[in-house]
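The structure appears right after this line, and notes come after that.
The values are calculated or read from the model by the stated rules, or taken from the named source; none is laboratory data. Everything numeric in this text was worked out from a predicted model, so none of it was measured. We work out accessible area using only protein heavy atoms, side chains counted, and drop any ligands, DNA or RNA first. Shrake-Rupley method; radii C 1.70, N 1.55, O 1.52, S 1.80 Å.
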Amino acid sequence: MVFKKGLILLFCSLSIFMFGQTKSHQQINSVFNQLVIAYGSSKPAPVFKIRDGKSAKPAEYSTKSTPTIFIDSYVYEICRSYGKDSLNSLSIILSHELVHYYEDHTFCSDYAVATRYKNKTLAPKLIKSSLVSSIEKETEADQKGLFYASAAGYSPFELYSNLINRLYKDYKFPNELPGYPSKQERTLYAKNAEDKAKELYGYFLAGLKAMEEKKYDDAIVVFDKANSFIPYRENYNNLGVARTLKALQFKVITSEEIHHPERFLYPLEIENKSRLNKEGTTRANYSNRQEQFENLLNDAKKDFQEAIRLDPKFSKGYINLACVYELLGKYNLALGTIEDLAKDKQNTREAQRILAITYYHSNKDFEANEIWSKLKM
């Protein structure tokens, strides 16, 4: 009887341990996956592995076989000590390693190792070059890592310097590590990275505010500034939307649009009723306005195409691109873009609205009216 009780107690203890381990692994994987989505890259995500316990490095990116990012389960325990900032601190570490992967930061050193025995003159130069560029790589990973962590919905600012000190202490790292900046330098770089990331994120927020106020020129400028440092899916999409909305100010309004304005609201953002230029245009400035209209739309097309390239599953990008094709009079391309969406996305109100507008302007009145009647417009 005692033996059975002992087995039951052991089983319960193991179950509790395994449940706790599974929960921590789920949270780590959840943060990792959310960061990959924020990067919005067409490059496949690297293999991700959680190492039990504590190893020589808290986290690392390796290309020895398959591109893989490793993180110690012990790091999760460190992050948990930050309480409400536990996932924020975890996002910093994982996002930093993802920058190394997406920016291919190991290419030079990997190539040097591969050529060590084949070319004894070139390899040492490559290795030296790799060590010299380590600071630049770490700085870029600090800056971009923080920004992408923020874009993924986390709050990494003000945490990084403290986290570096904690990791050096817990992993008993010396202040000077071969091929890395010193701990003091990394702390300084982290502060500079925080300042830069805040500046870039400020551009992003300023762009959203300008969009709300319908100041599309201002939105284009700030989204462009953010994009010059970190081009990512949402930013390209927002840039395209700003250009498209500005282009609509130059659009000639037809009598049908005047009598049924609700039918011709392009599904680019919620507050879109004021987009149509109800005052119309005059013959005197038509040519210039038409040129601006088309130039803006062609630029927006490139933005949406890039957003889709970064994330082929980004349905909003397809709908916005279809709007641009429709406005440019490329109706077959607009219809084809909607057809590229998953079936369930093709039936959304936004997709159906642009389909109806496209059908109407391509002289398919029956199909357009059928959709409008279903949408009750």
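For region 174-219, report the convex hull volume of the alpha-carbon atoms normalised per residue, in Å³, without decimals.
About 65 Å³ per residue, rounded to a whole number.
Convert each backbone phi in region 36-44 into a coupling constant with the Karplus relation 6.51 cos²θ - 1.76 cosθ + 1.60 (shift: θ = phi - 60°), then list the ³J(HN,Hα) values in order as whole Hz, x for Gly and Pro.
After applying 6.51 cos²θ - 1.76 cosθ + 1.60, I find 4, 4, 5, 5, x, 8, 6, 6, x Hz.
Can you give me the long-range amide H partners of residue 51? Hydrogens built in the peptide plane at 1.01 Å from N, cutoff under 5 Å, separation of 5 or more residues or another chain.
71, 72, 73
Straight-line reach only, C-alpha to C-alpha below 12 angstrom: list the aspartates and glutamates that residue 376 could link to, leaving out same-chain residues fewer than 8 apart.
Those aspartates and glutamates meeting the cut-off are 262.
Pairs 137/191; 43/198; 246/345; 43/301: which are spaced more than 19 Å apart, C-alpha to C-alpha?
The answer is 43/198; 246/345; 43/301.
Taking θ = phi - 60°, what integer Hz values does the Karplus form 6.51 cos²θ - 1.76 cosθ + 1.60 yield along region 328-335, in sequence order, with x for Gly and Pro?
Working through the residues one at a time gives 7, x, 9, 5, 5, 5, 4, 5 Hz.
I'd like the carbon and sulfur percentage of the solvent accessible area for region 279-377, probe radius 1.4 Å, heavy atoms only, ligands and nucleic acids excluded.
Reported share for carbon and sulfur atoms: 45 percent.
Would you mind classifying region 155-265 by shape? Square roots of the alpha carbon gyration tensor eigenvalues, ordered a ≥ b ≥ c; an a/c under 1.5 is rounded, otherwise it is prolate if a/b is larger than b/c and oblate if not.
prolate
Going Cα to Cα from residue 49, which aspartates and glutamates come in below 18 Å? Please leave out same-chain ones fewer than 8 positions away.
Within reach: 60, 72, 77, 97.
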